[in-house]
Structures are given as C-alpha cells and as structure tokens.
1. Looking at the stretch 1-41, which of the residues that are of a type in the set (Val, Ile, Thr) and in a helix (DSSP H, G or I) is nearest to residue 91 (Cα to Cα)?
2. Under 6 Å between Cβ atoms, at least 6 apart or on separate chains: pull out the pairs that start in the stretch 73-93 with a residue that is polar (S, T, N, Q) and end on any residue that is open to solvent by less than 80 Å² (accessible area, probe 1.4 Å).
3. Restricting the search to the stretch 1-29, which residues are open to solvent by 20 Å² or more (accessible area, probe 1.4 Å), free of Cβ contacts under 8 Å to residues at least 24 places away in the same chain and either over 17 Å from residue 80 (Cβ atoms) or touching a helix residue (DSSP H, G or I) at 6+ places or on another chain (Cβ under 8 Å) (or both)?
4. List the number of the failed condition for residue 32; all other conditions in (1) open to solvent by less than 40 Å² (accessible area, probe 1.4 Å); (2) modelled with pLDDT under 95 hold.
5. Among the residues of the stretch 35-61, which ones are touching a helix residue (DSSP H, G or I) at 6+ places or on another chain (Cβ under 8 Å), open to solvent by less than 100 Å² (accessible area, probe 1.4 Å) and farther than 18 Å from residue 87 by Cα?
Amino acid sequence: MVTNPDTDPAICWSAGGASFLVRRPDLMELAVLPQYFKHNRLVFFAKQLRAYGFRQRMASSRIDVIREWVHEGGRFCRGGAHVLPTIQRASSAAASSSQGGQGGRAAGTAAGGGGASVARGGGA
C-alpha cells in the first residue's frame with residue numbers, strides 16, 4: 001500500500017525512504033484501509049504496526065496531522081521487500097500470561113495486517 005502510487009495522497013514513503021507518512025488519516029480510513037484489511041479504522045492499523053515494531057513520530061506542529069511511522073529495527077524501508085519476512089510480531093508479556101505462560105504467537109508476514117502488509121499492493 002505504501003508502494004502503490006494511487007494511495008500517495010493518504011500514505012507514502014518519506015523522502016529518505018526509511019519511514020512512511022500518513023498524510024491524510026481520513027482518506028486512509030475511507031479509501032485505503034478497506035482495500036487491504038477487513039477494517040477501516042486507523043487506530044486498529046496503528047495497533048498492528050506497534051505490534052510489529054513500528055513507532056510513530058509525531059509532526060512538529062499540532063496543526064500538522066501528518067504522522068510518520070518508522071520500524072525500530074530499521075527493516076522497513078523503500079526497496080527492502082526482501083527483508084519483510086524478518087519483521088515479526090513481538091510477543092508480549094500480556095499475551096504470555098493470558099495463554100498460561102506459553103508466550104505470544106509469532107505472526108511474521110501473516111495475512112490480516114501488520115507491518116509487512118504495509119508494502120503490499122501496487123508495484124512492490
């Protein structure tokens with residue numbers, strides 16, 4: 001979805017290609033997210049990004065609604081499709097305790113969301 005030029009008004013790569021920008025959250029919910037996910041809520045998308053090691057950098061001004069997302073391990077970048085399988089869902093202590101100490105599931109690039117899904121669509 002980041003590599004798809006049709007979604008550039010809502011989401012696109014940063015100038016350096018090491019992060020992506022959500023330019024229009026309203027357009028993300030209305031037009032982009034329903035194309036790639038079963039939901040259209042940006043908060044659910046953001047929760048999945050965090051689960052896969054992405055962190056949000058806020059804009060320098062409260063007036064500016066652009067949100068920048070960066071992968072903590074630096075593995076999600078423009079032209080780095082070969083590295084996407086290494087981005088895995090982090091197991092959490094909450095998941096571990098709710099599953100009787102068995103730990104969280106590693107979802108990797110599983111269908112249904114997460115950081116690796118961001119690059120799908122368009123010409124990868």
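The values are calculated or read from the model by the stated rules, or taken from the named source; none is laboratory data. This structure is a prediction, so every number in the text was calculated from the model and none was measured. Note that we place each Cβ from the backbone using ideal geometry, even for glycine, and neighbour counts take in every protein chain shown. We work out accessible area using only protein heavy atoms, side chains counted, and drop any ligands, DNA or RNA first. Shrake-Rupley method; radii C 1.70, N 1.55, O 1.52, S 1.80 Å.
1. Selected residue: 32.
2. Pairs found: 88/106; 88/108; 91/103; 91/104; 92/104.
3. 8, 9, 26, 27, 29
4. All conditions pass for residue 32, except number (2).
5. Those that are touching a helix residue (DSSP H, G or I) at 6+ places or on another chain (Cβ under 8 Å), open to solvent by less than 100 Å² (accessible area, probe 1.4 Å) and farther than 18 Å from residue 87 by Cα: 36, 37, 39, 40, 42.
Here is a yes/no grid of residues against (1) closer than 17 Å to residue 4 by Cβ; (2) part of a loop (DSSP other than H, G, I, E, B); (3) under 14 Å from the mean Cα position of the chain (by Cα):
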residue: 43; (1), (2), (3): no, no, yes
residue: 50; (1), (2), (3): no, no, yes
residue: 56; (1), (2), (3): no, no, yes
residue: 68; (1), (2), (3): no, no, yes
residue: 74; (1), (2), (3): no, yes, yes
residue: 78; (1), (2), (3): yes, yes, yes
